1. Which of Ile231, Ile93, Ile160 moves most in a GNM of the chain, Cα contacts under 10 Å?
2. Across the chain, how many lysine pairs separated by 8 or more positions, or lying on different chains, have Cα atoms within less than 19 Å?
3. Take every Cα-Cα distance within segment 194-257, group them into 5 Å bins from 0 onward, and report for each bin the whole-number percent of pairs it holds.
4. Only Cα pairs under 8 Å and at least 6 apart count here; give the relative contact order of the chain as a rounded whole percent.
5. Using +1 on the beta carbon of Lys and Arg, -1 on that of Asp and Glu, and nothing else charged, what's the dipole of segment 109-257 about the Cα centre, debye to 20?
6. Would you please name the GluC sites (Glu not before Pro) within segment 181-257 that are DSSP coil residues with at most 11 other C-beta atoms within 10 Å of their C-beta?
7. Of the options His189, Gly121, Pro109, report the single residue whose Cα projects farthest towards the positive end of the charge dipole of segment 104-194 (beta-carbon charges: Lys, Arg +1; Asp, Glu -1).
8. Which trypsin sites (Lys or Arg not before Pro) from segment 151-217 combine a DSSP loop assignment with at most 11 other Cβ atoms within 10 Å?
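Every number here is computed from the coordinates shown, using simple stated rules; none is lab data. All figures in this text were calculated on a predicted structure; none of them were measured in a lab. When we count neighbours, we look across all protein chains shown, and the Cβ atoms used for this are built from the backbone with ideal geometry, even at glycine.
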Amino acid sequence: MHGETATDRTVWALSGAAAISFLQGLVSNDMRSLEAAPGIVWTALLSPQGKYLADFFVVRRHDGQLLVDIATPLAADTLRRLTLYRLRADVQIAPSPLHVLRGLGDPPPGALPDPRHPALGWRAWTDVPGRAPEIDWDAIRVAHIIPESGIELIPDDSYILESGFERLHGVDFRKGCYVGQEVTARMKHKTELRKGLTRVAITGAAPVGTEILGDGKPVGTLFTQSQGSAIAYLRFDRAEGALTAGDAVLRTLALAG
């Protein structure tokens with residue numbers, strides 16, 4: 001099968017007349033583009049305080065089927081939260097046996113482009129698994145400062161604007177209300193972000209989650225590392241000069257917009 005299997009993903013099938021409107025009132029992005037046409041939307045579920053709880057893709061396949069493509073470690077808690085919000089809405093969420101495939105280059109029939117960034121290629125959902133993973137996705141993510149569920153994106157801790165969701169097409173500021181919308185809008189319109197994800201040069205290595213120090217003071221946290229670069233969460237006003245994370249030495253390269 002064309003493409004690699006994303007072994008850490010869970011797929012759900014969505015059905016019911018209210019499926020799109022149900023999600024529209026809960027998540028950070030606009031779901032209405034999926035009402036009638038094939039497409040893929042990357043979005044987040046937030047707490048009422050505006051903190052990240054989970055991110056996932058919502059997909060309308062060419063056969064009209066609606067799917068959710070979510071990181072497996074986040075799936076059980078997210079399904080529980082969605083079930084609590086569902087109340088009596090005409091929405092059904094069921095496990096799907098489909099495999100998530102992803103790849104670069106020419107996409108196979110039925111694949112859709114990853115909506116976050118062109119460098120991430122395409123995604124597809126098939127009955128048959130793909131090849132074993134070979135592509136260095138971490139290198140791509142680091143090069144373009146793209147956070148990953150459960151690594152840079154930490155439930156009950158991360159804020160999506162500090163994590164690059166606007167730049168990566170994961171939030172819509174015109175769609176209206178959703179859970180956590182008020183805090184997110186306030187961060188967008190009333191404050192200048194003082195913290196966020198950054199690409200840094202790294203000499204050496206340190207475990208994901210290592211505290212970053214500048215002049216002996218806490219500056220942020222080190223995350224994914226690849227080929228001499230890394231994603232770091234930094235306080236922008238302290239991101240100058242020599243930084244360290246454990247035995248590794250860091251230098252700021254680019255701030256995520």
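1. Among Ile231, Ile93, Ile160, the largest mean-square fluctuation in the Gaussian network model of the chain belongs to Ile93.
2. Close lysine pairs under the 19 Å cut-off: 7.
3. Percent of pairs per bin, in order: 4, 23, 38, 26, 8, 1.
4. 20 percent
5. Values: 17 positive and 19 negative charges, 105 e Å.
Dipole about the Cα centre, nearest 20: 500 debye.
6. Glu192
7. His189
8. Numbers: sites: Arg167, Arg174, Lys175, Arg186, Lys188, Lys190, Arg194, Lys195, Arg199; in loops: Arg167, Arg174, Lys175, Lys190, Arg194.
Here the trypsin sites (Lys or Arg not before Pro) that fit, given the DSSP loop and packing criteria, are Arg174, Lys190, Arg194.
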